[in-house]
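The values are calculated or read from the model by the stated rules, or taken from the named source; none is laboratory data. Keep in mind the model is a prediction, meaning the values are calculated, not measured. A quick note on method: Cβ atoms are made from the backbone with ideal geometry, for glycine too, and the neighbour counts reach across all protein chains shown. These area figures cover heavy atoms from the full protein model, side chains too; ligands, DNA and RNA do not enter into them. Shrake-Rupley method; radii C 1.70, N 1.55, O 1.52, S 1.80 Å.
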Amino acid sequence: MSAEQWSQVNERDIVNSENKLMANVFAKKPIVIERGKGALVWDINGKEYVDCTSSYGVALLGHSHPRIVKAVCEQAAKLISCHAGFYNEKRTEFLQKLANITPHGLDKAFLSNSGAESVECAIKLARRFSSKPEIIAVMGAFHGKTMGALSATWDKKYRDPFLPLVPEIKHIPPDNLDKAREAITDRTAAFLVEPIRGEGGIRVPPDGYLQGLRELCDQKNILLIFDEVQTGFGRTGTLFACQHWGVIPDIMCLAKSLAGGLPLGVTVAKEDIMSKFKIGDHSTTYSGSPLVCAAASSAIDVLLAENLVDRAATLGAYFKAKLTILKNKHKTVKEVRGLGLMLGVEVKFDVLNAIFKTAEKGVLILDAGRNVLRFLPPLVIEKEQIDKAVSAVDSVLEEEENARASGSPAN
Ligand SMILES: Cc1ncc(COP(=O)(O)O)c(C=O)c1O
């Protein structure tokens, strides 16, 4: 197609082309997003949406934050790629800033490109460090879809078509310290858990569980890995979710929002653990490219300068209180859960249709399983935008309940 023809491409062409040319593994909504600013995005027809998805938690600082845009443009003009076999000042700058904000002692990093890769690295590192093979994850967990990460992910619908998976990764009931203790064998290398389970329905653990896991790991000489891919970087109102309970893992997985929207995965570990990796044990071609590191370095600056972690706590409490009012108003709402700006509303019906309906009303939200509406807005979201999101959910719940009362599903 010529440049002129491209400029005339319409919504239907784009939808048809992506469906034809891209692997059909995403449950797509028929909306062509063209641009974004802060917590808003606009589709190709100019319709505005409050984005409570942040592209699955990525656009934590808001879409196209000007400082990220500037950092990326400046670095792109200077040097985009530099293999980790050489040194680079942007990579060093980012690593130093990251080490300044990660929980005490977690200051040696492996840089990759996604959440699943950060988990892959953690699994390999735990095996390398302990010389033991077994990883214990929990039922309901989501850790990504590459083979190692998938082996720690719980949902059968993701796993079953790809069996056999990586051996000696097993699942135990979550939030249960007795089951955790019973599961340990002399082959156990590590526990791998999300401090708050995201895909699993925004499940906050009971107080004492993560502390108990830490104590258990210390007693039994087992590593504790926290997957903070979704919870990390301020999302839950602390820099890392584990800080709500004062627990420091041995290895932590990060990704999603870390580089202001660019792809970056990071596995951070205590020095003695990461140092078990020897040259060639693990690598990826893109590890810490200057472009991504420039964005990530700037993202840390923005997070701190704009006080976004406190904002997540304050606005999260505001958002949760408003959602709780909906719970008291609508009998189809079972529970409102979450911390900071990582919130879930469990309802008594399949949420897919509700998500389409809120989109029609100009609000984008996510699901987390079949019955949970998930809210992961940018931390820069404004109160009025939260009000708009809550009001859209309110009317969709009302429609659902009216439809149920009249005996026909709302669609
Ligand atoms: C907790 C957690 N771990 C890992 C992943 C996988 O990350 P990615 O999709 O970047 O591979 C996700 C993605 O949603 C996640 O929520």
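The set of residues in the stretch 355-390 being closer than 26 Å to Gly234 by Cβ, free of Cβ contacts under 8 Å to residues at least 40 places away in the same chain and not β-branched (Val, Ile, Thr) consists of Asp367, Leu373, Glu384.
Of all residues in the stretch 128-157, which are open to solvent by 20 Å² or more (accessible area, probe 1.4 Å) and within 11 Å of the ligand (Cβ to nearest atom)? Correct list: Phe142, Lys145, Thr146.
Among the residues of the stretch 125-152, those that are part of a helix (DSSP H, G or I) and farther than 17 Å from Lys278 by Cα comprise Met147, Gly148, Ala149, Leu150, Ser151, Ala152. Only a single criterion out of (1) in a helix (DSSP H, G or I); (2) among the hydrophobic types (A, V, I, L, M, F, W, C); (3) surrounded by fewer than 19 Cβ atoms within 10 Å (Cβ to Cβ) is not satisfied by Ala312, namely (3).
Per-residue answers, yes or no, for (1) in contact (Cβ under 8 Å) with a residue 40 or more places away in the chain; (2) over 15 Å from Leu379 (Cβ atoms); (3) among the aliphatic types (A, V, I, L, M):
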site	(1), (2), (3)
Cys52	yes, no, no
His65	yes, no, no
Ala84	yes, yes, yes
Asn88	yes, yes, no
Gln96	no, yes, no
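Just give me the residues in the stretch 327-358 being touching a Lys or Arg at 6+ places or on another chain (Cβ under 9 Å) and in a helix (DSSP H, G or I), in sequence order.
Of the stretch 327-358, the ones touching a Lys or Arg at 6+ places or on another chain (Cβ under 9 Å) are 327, 331-352, 355-356.
Of everything in the stretch 327-358, those that are touching a Lys or Arg at 6+ places or on another chain (Cβ under 9 Å) and in a helix (DSSP H, G or I) turn out to be Lys327, Leu352, Ile355, Phe356.
Here Leu125 passes the criteria (1) touching a Phe, Trp or Tyr at 6+ places or on another chain (Cβ under 8 Å); (2) more than 16 Å from the ligand (Cβ to nearest atom); (3) not polar (S, T, N, Q) except the one numbered (2).
Could you identify the single residue in Val347, Val292 that is open to solvent by 10 Å² or more (accessible area, probe 1.4 Å), in contact with a strand residue (DSSP E or B) (Cβ under 9 Å, 6 or more places away or on another chain) and β-branched (Val, Ile, Thr)? Quick ask: steps written out before the conclusion?
On the way: Val347 fails: open to solvent by 10 Å² or more (accessible area, probe 1.4 Å).
Of Val347, Val292, the one residue that is open to solvent by 10 Å² or more (accessible area, probe 1.4 Å), in contact with a strand residue (DSSP E or B) (Cβ under 9 Å, 6 or more places away or on another chain) and β-branched (Val, Ile, Thr) is Val292.
The set of residues from the stretch 162-200 being open to solvent by 60 Å² or more (accessible area, probe 1.4 Å) and within 24 Å of the chain's Cα centre (by Cα) comprises Phe162, Lys170.
So, of the residues in the stretch 214-251 that are assigned to a helix (DSSP H, G or I) and farther than 22 Å from Lys108 by Cβ, which turns out to be nearest to the chain's Cα centre (by Cα)? Ranking the candidates gives His244 first.
Inspect the stretch 27-38 for any residue being on the phi > 0 side of the Ramachandran plot and open to solvent by less than 50 Å² (accessible area, probe 1.4 Å) and give the result as yes or no. Within the stretch 27-38, one or more residues are on the phi > 0 side of the Ramachandran plot and open to solvent by less than 50 Å² (accessible area, probe 1.4 Å).
Can you tell which of Ala321, Ala294 is assigned to a helix (DSSP H, G or I), of a type in the set (Gly, Ala, Ser) and without any contact (Cβ under 8 Å) to a residue 60 or more places away in the chain? Lay out the reasoning, then the answer.
Numbers: Ala294 fails: without any contact (Cβ under 8 Å) to a residue 60 or more places away in the chain.
One residue alone meets the criteria, Ala321.
The rows are residues; the columns are (1) within 11 Å of the ligand (Cβ to nearest atom); (2) among the basic types (Lys, Arg); (3) surrounded by fewer than 21 Cβ atoms within 10 Å (Cβ to Cβ).
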site: Asp218; (1), (2), (3): no, no, yes
site: Leu223; (1), (2), (3): no, no, no
site: Phe226; (1), (2), (3): yes, no, no
site: Arg235; (1), (2), (3): yes, yes, no
site: His244; (1), (2), (3): no, no, yes
site: Leu264; (1), (2), (3): yes, no, no
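The single condition among (1) farther than 16 Å from Ala141 by Cα; (2) assigned to a loop (DSSP other than H, G, I, E, B) that Pro161 does not satisfy is (2).
Taking into account only those residues within the stretch 156-185 that are out of contact with any Leu (no Cβ under 9 Å at 6 or more places or on another chain) and in contact (Cβ under 8 Å) with a residue 40 or more places away in the chain, which is farthest from Ile202 (Cα to Cα)?
Step one: of the stretch 156-185, the residues out of contact with any Leu (no Cβ under 9 Å at 6 or more places or on another chain) are 156-157, 160-161, 163-164, 167-168, 170-176, 178-179, 182-183, 185.
Applying the additional criterion that residues be in contact (Cβ under 8 Å) with a residue 40 or more places away in the chain yields 183, 185.
Working: Ala183: 24, Thr185: 29 Å.
Going through the qualifying residues, I end up with Thr185.
Annotation note: Cβ proximity below 6 Å between a residue of the stretch 122-150 that is on the phi > 0 side of the Ramachandran plot and a residue that is open to solvent by less than 10 Å² (accessible area, probe 1.4 Å) and of a type outside the set (D, E, K, R) (sequence gap 6+ or interchain) occurs for Gly144/Val119. Of the residues making up the stretch 164-199, those that are in a loop (DSSP other than H, G, I, E, B), among the aliphatic types (A, V, I, L, M) and farther than 30 Å from Ile365 by Cβ are Leu165, Val166, Ile184.
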